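Here is the structure we will look at, set down as structure tokens.
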Amino acid sequence: MKPTPFFLLALIVGCSQQSPSQQASASPADTPGFAVIRLDPALDAIVPADASLDVIGDRFGLTEGPVWVQEGANGYLLFSDLIANVIYKWTPDGQLSAFLENIYDGPDILNVGQQTRRGRMNVIIIGSNGLTLDREGRLIAASPASRAVFRLEKNGTRTVVADRFEGKRFNGPNDVVVKSNGSMYFTDGNSGLRGGVNSPLREIPFNGFYLVRNGQVTLVGSNKDFKEGFPNGIALSPDEKHLYVTIGRKIMRYDVQADDTVANGIEFLDVEGNDGLKVDAQGNVFSTTGAGPGEVRITSSAGKRLGTLKLPQPAGEPRDQICATNVGFGDADGRSLYITACTHVYRVRLNSPGGKPNG
């Protein structure tokens, strides 16, 4: 349902600047355009009336895959930069560092990674995309240019979790989620291939989403029955009974079976623009619009749109690109929503906690 302009005007809440006491490094010029569009009173229990936007960092290449790592009473945020070939680490005291470099570390860097646009620039996707944690707290990364999903071991070495289906290399793993029993689901796009869908190096003629269970890779769904798009964002409901997958305009919801395969896919939402998504502890779905103007949609588990977080769109040249590629919940209380937004990373404090990255 598209609300009327009058309804939107009545419900948009402009949000305040970050106070000096907040730890995130903020750029005041970036935050005045932030707004919360309230479409249902139920949003009040999720997003505070005085919600504000913290700027975690800017001037990145193309950010994705935010995941919070709890470490004792503290913790830190990890997120991908698809252009820089780096996973960054941000701590609540405002320190930013390179956590892992050379995500793609293969020999063919001149011929891997799909070309895309970031603002006015044509760029190459070379770094990791979606990130999550497994049951042991190890980082799991979808690496498009490597055409693989890998695990970062505690000693710093990398283990390939999956790079082929039926002997054929993936086109470019996009996003990943781990179930509490250790099973893993991930989506496979085209961003590992310099020519995208038309690359002569493409080995799998469709885009699927897959289950990795006990070391075995199983195709559990694909884009064969959809008019457009490819499996992109992926997330589990808090009870792990449902798997959500974005495919083109559709957010699909599947029943998770006893063997971790999925069935009974239904259309959960049909919207213009879909990328990453996460589900909070109450079952609300936080979905992003991708490369277009940055928005995070909040939808109840029943499929009712509750509201939207609209990110600022700075003017001027060189042109920034403020989008919304993915979200993740973090901080010790789970009440911070971290938003990767192309050139930026943001944080919004919530009233209610989100979900854990590893189910």
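Quick notes on this structure:
- Conditions (1) in contact (Cβ under 8 Å) with a residue 24 or more places away in the chain; (2) buried (at least 17 other Cβ atoms within 10 Å of the Cβ); (3) not hydrophobic (A, V, I, L, M, F, W, C): number failed by Tyr76: (1)
- Per-region count, the stretch 284-307, residues out of contact with any helix residue (DSSP H, G or I) (no Cβ under 9 Å at 6 or more places or on another chain) and part of a strand (DSSP E or B): 10
- Candidates in the stretch 155-172 are the residues that are of a type in the set (Lys, Arg) and free of Cβ contacts under 8 Å to residues at least 40 places away in the same chain; of these, the one that is surrounded by the fewest Cβ atoms within 10 Å (Cβ to Cβ) is Lys168.
- Hey, Asp260 assigned to a loop (DSSP other than H, G, I, E, B) and not β-branched (Val, Ile, Thr) or not: yes
- Residue within the stretch 305-316 that is of a type in the set (Ser, Thr, Tyr) and in contact (Cβ under 8 Å) with a residue 60 or more places away in the chain present: yes
- Which listed residue, of Ser222, Ser180, Ser237, is surrounded by 14 or more Cβ atoms within 10 Å (Cβ to Cβ), modelled with pLDDT of 95 or more, under 20 Å from Trp68 (Cα atoms) and among the hydroxyl-bearing types (Ser, Thr, Tyr): Ser237
- The stretch 335-359, residues that are among the basic types (Lys, Arg) and modelled with pLDDT of 90 or more: Arg335, Arg347, Arg349
- Strands (runs of 3 or more DSSP E) contained entirely in the stretch 65-116, each with at least 3 residues that are modelled with pLDDT of 95 or more and touching a Ser or Thr at 6+ places or on another chain (Cβ under 8 Å): 74-81, 86-90
- Unique residue being surrounded by fewer than 24 Cβ atoms within 10 Å (Cβ to Cβ), small (Gly, Ala, Ser) and more than 27 Å from Gly137 (Cα to Cα) when the list is Gly355, Gly294, Gly283, Gly303: Gly303
- Where Asn129 falls short, out of the listed (1) polar (S, T, N, Q); (2) closer than 26 Å to Arg297 by Cα; (3) out of contact with any Pro (no Cβ under 6 Å at 6 or more places or on another chain); (4) surrounded by 20 or more Cβ atoms within 10 Å (Cβ to Cβ): (3)
- Residue satisfying all of: in the stretch 49-64; under 23 Å from Gly316 (Cβ atoms) and of a type in the set (D, E, K, R); modelled with the highest pLDDT among these: Asp54
- Every residue from the stretch 28-48 that is outside any strand (DSSP E or B) and at pLDDT 95 or above: Leu39, Asp40, Pro41, Ala42, Leu43, Asp44, Ala45, Ile46, Val47, Pro48
- Residues of the stretch 104-123 that are surrounded by fewer than 20 Cβ atoms within 10 Å (Cβ to Cβ) and within 19 Å of Ser80 (Cα to Cα): Asp105, Gly106, Ile109, Gln115, Thr116, Arg117, Gly119, Met121, Asn122, Val123.
- Restricting the stretch 97-128 to residues that are among the charged types (D, E, K, R) and touching a residue at least 60 places away in the same chain (Cβ under 8 Å), the residue that is nearest to Arg194 (Cα to Cα): Arg117
- Residue selected from the stretch 198-208 under the condition out of contact with any helix residue (DSSP H, G or I) (no Cβ under 9 Å at 6 or more places or on another chain) and over 21 Å from Glu64 (Cα atoms), by the criterion surrounded by the fewest Cβ atoms within 10 Å (Cβ to Cβ): Pro200
- Flag if Ser143 is surrounded by fewer than 20 Cβ atoms within 10 Å (Cβ to Cβ), among the hydroxyl-bearing types (Ser, Thr, Tyr) and on the phi < 0 side of the Ramachandran plot: no
- When Asp175 is tested against (1) buried (at least 24 other Cβ atoms within 10 Å of the Cβ); (2) charged (D, E, K, R); (3) more than 23 Å from Gln115 (Cβ to Cβ), only condition (3) is not met.
The values are calculated or read from the model by the stated rules, or taken from the named source; none is laboratory data. Keep in mind that this is a model prediction, so the values were computed, not measured. Note that each Cβ is placed from the backbone with ideal geometry, even for glycine, and that neighbours are counted across all protein chains shown.
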